[in-house]
Every structure is written in C-alpha cells, then in structure tokens.
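One structure is given here, and the rest of the page talks about it.
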Amino acid sequence: MKVTPTRIPAVLVLEPKVFEDPRGFFLESYNRRVFKEAAGVDPEFVQDNESFSVRNVLRGLHYQIQQPQGKLVRVVQGSVFDVAVDIRKSSPTFGNWVGAELSSTNHHQLWVPLGFAHGFLVLSESAEFLYKTTDYYAPEFERSIVWNDAKLNIEWPLEGSPRLSAKDAAASTLADAPTF
C-alpha cells in the first residue's frame with residue numbers, strides 16, 4: 001500500500017496494490033497491520049457505511065462534535081471529489097481543506113482523522129461510496145458546515161448547482177459552527 005500525505009499531513013491518500021489480469025482485478029481494501037505500518041495510525045473501526053448518490057449530489061461537510069469519527073473512505077462504483085476540512089482550533093491548518101478524486105478506477109482511499117469535517121461531490125453519473133468509521137453514528141451530535149463557506153473557499157469541480165439535502169443547505173459557516 002502506498003500512503004501519500006496531503007498538504008494537511010494528518011489526511012492521507014492510500015493506494016492499495018491492485019492485481020489485474022484479463023479476468024479483472026483483486027485488491028485488499030483494508031488490512032489493519034498494513035494500514036498501521038504504512039499510515040502510522042491504528043484506528044479501531046466499529047461501523048461500515050455505504051451511500052449511493054447520483055451526479056452533482058454534494059454530501060457534507062459533516063462531523064460529530066461528540067463521538068467524533070475517523071473515516072477511511074473509498075468509492076466502489078463511479079467517481080467523487082472527496083474533501084476533508086480541518087476543524088481543530090489548535091491546529092496550524094485549522095480551516096484548511098484538502099480534496100482528492102476517489103474512484104472505482106483509481107481505487108484510492110482517503111483517511112480522514114478525528115477533528116475533520118468531511119464531504120464529497122459525485123462526479124460520475126452515480127457513485128457508491130463506502131466508509132469505515134472509528135465511532136458509531138450519533139445523529140444528536142452530528143453537525144454540518146455549509147459546502148460553499150466563503151472562508152473555506154473549497155474548489156468543488158461543480159457542473160451547475162449541487163444537489164443538497166435540506167440539512168446540508170441549511171448548514172452553518174465554519175465561523176458559526178462548533179469545532180474541536
């Protein structure tokens with residue numbers, strides 16, 4: 001597994017070894033020992049989630065203010081632009097974001113550690129998105145930062161307006177959101 005730190009070093013792009021032949025491919029999507037050795041972190045995952053979305057759906061930027069979740073995310077069908085925003089007040093990268101294209105073609109994964117808001121935009125006709133989390137979903141602690149917060153200035157590769165949930169459309173700015 002190849003691990004590449006992003007410009008926010010705690011957020012990592014992971015590239016598993018993919019074995020391809022005329023029949024298709026095989027890859028190991030997660031191996032605790034390999035992940036710990038390559039990424040230098042050893043999260044305990046307690047929940048796996050899957051979402052299906054169509055083109056231009058933008059989900060996020062989500063986080064849990066209590067029971068925060070580290071997330072290991074990947075796409076098994078389609079393509080997304082995945083974003084992590086540092087919302088740790090004491091961090092030198094507070095308010096900064098990183099984005100990466102994750103797809104069923106490149107097989108890349110993103111490690112989003114505790115203290116980050118997370119979201120993604122679907123680039124393909126549809127996408128199936130999988131994520132492993134280090135804590136359980138707790139809707140009472142879930143918060144959202146608005147996707148187009150001018151202070152964050154995230155460069156979403158949008159075609160037109162995004163398709164948002166009512167919750168995401170009404171999300172707070174980072175300045176008004178509770179942070180870590």
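The values are calculated or read from the model by the stated rules, or taken from the named source; none is laboratory data. Model, not experiment: these values are computed from the prediction. In this analysis, Cβ positions are derived from the backbone assuming ideal geometry, glycine residues included, and neighbour counts consider all displayed protein chains.
Taking the range 60-92 as the range and being outside any strand (DSSP E or B) and of a type in the set (S, T, N, Q) as the test, the residues that pass are 66, 67, 69, 90, 91.
Scanning the range 64-83 for residues that are touching a helix residue (DSSP H, G or I) at 6+ places or on another chain (Cβ under 9 Å) and more than 19 Å from residue 128 (Cβ to Cβ) returns 64, 65, 66, 67, 68. The single condition among (1) without any contact (Cβ under 8 Å) to a residue 24 or more places away in the chain; (2) surrounded by 11 or more Cβ atoms within 10 Å (Cβ to Cβ); (3) more than 29 Å from residue 94 (Cα to Cα) that residue 27 does not satisfy is (1). Each residue in the range 140-169 was checked for being of a type outside the set (Val, Ile, Thr) and under 23 Å from residue 89 (Cα atoms), and 14 of them qualify.
For the condition assigned to a strand (DSSP E or B), modelled with pLDDT of 95 or more and small (Gly, Ala, Ser), residue 95 does not qualify.
Out of the residues in the range 137-168 meeting the condition of being within 16 Å of the chain's Cα centre (by Cα) and within 14 Å of residue 69 (Cα to Cα), tell me which one is surrounded by the most Cβ atoms within 10 Å (Cβ to Cβ). Looking at the filtered set, the residue picked out is 144. The set of residues in the range 79-114 that are surrounded by fewer than 22 Cβ atoms within 10 Å (Cβ to Cβ) and aromatic (Phe, Trp, Tyr) comprises 81, 94.
Restricting 20, 37, 50 to those that are closer than 30 Å to residue 161 by Cβ, acidic (Asp, Glu) and either touching a strand residue (DSSP E or B) at 6+ places or on another chain (Cβ under 6 Å) or not in a loop (DSSP other than H, G, I, E, B) (or both) reduces the list to 50. Only residues that are closer than 18 Å to residue 76 by Cβ, surrounded by 10 or more Cβ atoms within 10 Å (Cβ to Cβ) and free of Cβ contacts under 8 Å to residues at least 12 places away in the same chain were counted in the range 4-24, giving 1.
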